[in-house]
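K.L.:
Input: one structure, supplied below.
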Amino acid sequence: MNTTTSDIPQRDIYTVSRLVRETRSVLENSFPLIWISGEISNLAQPASGHIYFSLKDEIAQVRCAMFRMKRQRLRFQPENGQQVMLRAKVSLYEARGEFQLIAEHMEPAGEGALRLAFEQLKQKLAAEGLFDAAHKQAIPGMPRQVGIITSPSGAAIRDLLTVLKRRFPALPVVIYPVQVQGEGAAQQMVHMLQLANQRNECDVLILSRGGGSLEDLQAFNDESLARAIHASRIPLVSGIGHEIDFTIADFVADQRAPTPSAAAELVSPDQAAWLKQLHQLGQRLDLIQTRRLRHHQEQLSTLRNRLLRQHPSQRLQQRAQRLDELNQRLRQTQQLYLVNLQHRLEKLWSSLTRLSPQQRIENQRHHYQLFAERLQRAMERSLLDSRTKLNQLARDLHTLSPLNTLSRGYAIISREEDGHILHASSEVERGDRVNARLSQGSLVCRVEDINPAAKKES
């Protein structure tokens, strides 16, 4: 059997750019954002604002890139030999076909351990539902008293009190003093939060401190504090550090403010706005009262004049006469209604007598029997026609079948080498091998002699 060109499998030939592009896609889709630690080397800082460096350990190294927008968020200046933690995605630089990391965040290795613990605790509490919006309590618009949990000597308390005094001086404030940094700070905040809930003297609480490093804010990443905030029956607003600082307490709090001052703005009403609204409401109340008083005075004057014009005895007589007229109309209406109802009842009884339900059932049963018989006859005729057509087609197929021809002693002769069916003796030569297909089985024959085809008679 000959092999054609179409049977040969086609080669999928890659270009270099296609291979690199698809390899990059596989790498980026196979790895999520990862944390990785190592030492900076080969640091390059071009004028574009991007930085390029290698991250290495004792055995291996990998090329890294951090683009300008991400670099601007760094809180330190990277240097060669510095141990760092990277939050990065795995990628490939297509122009050189080099494996690399695209850095999204970088921090010194010391902070890296704290950041890792922060992320692990954040994921754990999020999985337990402590951050869910369904558990968040609404912050009251006009609290009776505000509680502040913070250091009594820090800058945050001064900012909080200044803003509260400016916005609403009449708002009472209770300070729950705590240590906001160092050993035991988290336990003090938990204790004061529980104490505030026991006293139940405030409508809203503020948990606050000034800015600092991740290590300075570590007390606010304590698991026990997070659970105490979640269990608090009093709504709590967190105002911790600067706008870019996030702690576990911020995620659990009922609402986060970017700074302590913003937290004070959030929980306190604006005195000027309230006074303006109160003044507007007072003016509206005076106007409404004036209009209602004038309206009632006009009504009173109208009723007094009507009372003077109409004596009560005359109105009673008119009402009695009207009552007699309505009573007479009611009796006539009732009698007419009863007569119409009697006529309708008689018509309905006559119709019911003429239409017997039993007769309608018998008619429907008779129609059903007729339809069933017609359906049975139609199905039998269709089945007979289909059987007749099938027998005729079987006979036609048998008549046209090559096997039927072979059963009468004929054979199909073909060349053995290529399977070509022979129609004339001139298509073979002496010594050629041919296959003879019979009705049952086949023969392999050799051509010993060739008789030319007989000439057609004219």
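K.L.:
Return the residues of the range 425-447 that are more than 13 Å from S414 (Cβ to Cβ) and either modelled with pLDDT of 85 or more or of a type outside the set (D, E) (or both); say none if nothing qualifies.
P.N.:
S425, S426, R430, G431, S439, Q440, G441, R446
K.L.:
How many of the residues making up the range 231-280 are among the small types (G, A, S), assigned to a helix (DSSP H, G or I) and within 16 Å of R209 (Cα to Cα)?
P.N.:
Matching residues across the range 231-280 total 5.
K.L.:
Residue check: is P78 more than 26 Å from Q120 (Cα to Cα) and either in contact with a strand residue (DSSP E or B) (Cβ under 8 Å, 6 or more places away or on another chain) or open to solvent by 100 Å² or more (accessible area, probe 1.4 Å) (or both)?
P.N.:
The answer is no for P78.
K.L.:
Need the failing condition index for E28 against (1) closer than 25 Å to A117 by Cβ; (2) in a helix (DSSP H, G or I); (3) not hydroxyl-bearing (S, T, Y), just the number.
P.N.:
(1)
K.L.:
Right, here's the next one. Return the residues of the range 91-118 that are over 27 Å from I234 (Cα atoms) and assigned to a helix (DSSP H, G or I); say none if nothing qualifies.
P.N.:
Taking the range 91-118 as the starting set, the residues that turn out to be over 27 Å from I234 (Cα atoms) are 91-117.
Passing the criteria: A109, G110, E111, G112, A113, L114, R115, L116, A117.
K.L.:
Confirm whether R395 is modelled with pLDDT under 85 and in a helix (DSSP H, G or I).
P.N.:
The answer is yes for R395.
K.L.:
Going through the range 142-161 one residue at a time, which ones are open to solvent by less than 60 Å² (accessible area, probe 1.4 Å) and in a loop (DSSP other than H, G, I, E, B)?
P.N.:
Within the range 142-161, P143, Q145, S151, G154 meet the criteria.
K.L.:
Also: Quickly run through the range 198-214 and pick out the residues that are surrounded by fewer than 17 Cβ atoms within 10 Å (Cβ to Cβ) and either over 30 Å from A273 (Cα atoms) or among the aliphatic types (A, V, I, L, M) (or both).
P.N.:
Q198, R199, G211, G212, S213
K.L.:
Take the residues in the range 162-197 that are open to solvent by 40 Å² or more (accessible area, probe 1.4 Å) and among the small types (G, A, S); name whichever of them is nearest to A228 (Cα to Cα).
P.N.:
The selected residue is G182.
K.L.:
Does R227 satisfy the condition of being among the basic types (K, R), under 60 Å from the mean Cα position of the chain (by Cα), closer than 30 Å to S208 by Cβ and assigned to a helix (DSSP H, G or I)?
P.N.:
It is true that R227 is among the basic types (K, R), under 60 Å from the mean Cα position of the chain (by Cα), closer than 30 Å to S208 by Cβ and assigned to a helix (DSSP H, G or I).
K.L.:
Can you tell me how many residues in the range 25-72 are in contact (Cβ under 8 Å) with a residue 24 or more places away in the chain and surrounded by 11 or more Cβ atoms within 10 Å (Cβ to Cβ)?
P.N.:
Summing the residues that are in contact (Cβ under 8 Å) with a residue 24 or more places away in the chain and surrounded by 11 or more Cβ atoms within 10 Å (Cβ to Cβ) in the range 25-72 gives 24.
K.L.:
Have a look at A263, A273 and point out the one that is under 30 Å from L171 (Cβ atoms), open to solvent by less than 70 Å² (accessible area, probe 1.4 Å) and touching a helix residue (DSSP H, G or I) at 6+ places or on another chain (Cβ under 8 Å).
P.N.:
A263
K.L.:
Further question: When the residues of the range 414-435 are narrowed to those that are among the aliphatic types (A, V, I, L, M) and open to solvent by less than 60 Å² (accessible area, probe 1.4 Å), which ends up nearest to I450 (Cα to Cα)?
P.N.:
V428
K.L.:
Right, here's the next one. Determine which member of the set Y337, Y368 is hydroxyl-bearing (S, T, Y), open to solvent by 100 Å² or more (accessible area, probe 1.4 Å) and at pLDDT 85 or above.
P.N.:
Within the list Y337, Y368, the selection yields Y337.
K.L.:
If you don't mind, another one. Given the criteria under 32 Å from the mean Cα position of the chain (by Cα), of a type in the set (V, I, T), farther than 30 Å from T15 by Cβ and not in a loop (DSSP other than H, G, I, E, B), does I36 qualify?
P.N.:
Yes; evaluated as a whole, the condition is true for this residue.
K.L.:
Are there any pairs with C-beta distances below 7 angstrom linking a residue in the range 136-150 that is farther than 19 Å from Q194 by Cα to a residue that is among the acidic types (D, E), with the two at least 6 apart or on different chains, and if so which?
P.N.:
P140/D203; P143/D203; R144/D203
K.L.:
Among the residues of the range 123-138, write down those that are open to solvent by 60 Å² or more (accessible area, probe 1.4 Å) and assigned to a helix (DSSP H, G or I).
P.N.:
Scanning the range 123-138 gives Q123, K124, A127, A133, A134, H135.
The values are calculated or read from the model by the stated rules, or taken from the named source; none is laboratory data. No experiment lies behind these values; they were computed from the predicted model shown. Using ideal geometry, Cβ is built from the backbone for each residue, glycine included, and neighbour counts are taken over all protein chains shown. We work out accessible area using only protein heavy atoms, side chains counted, and drop any ligands, DNA or RNA first. Shrake-Rupley method; radii C 1.70, N 1.55, O 1.52, S 1.80 Å.
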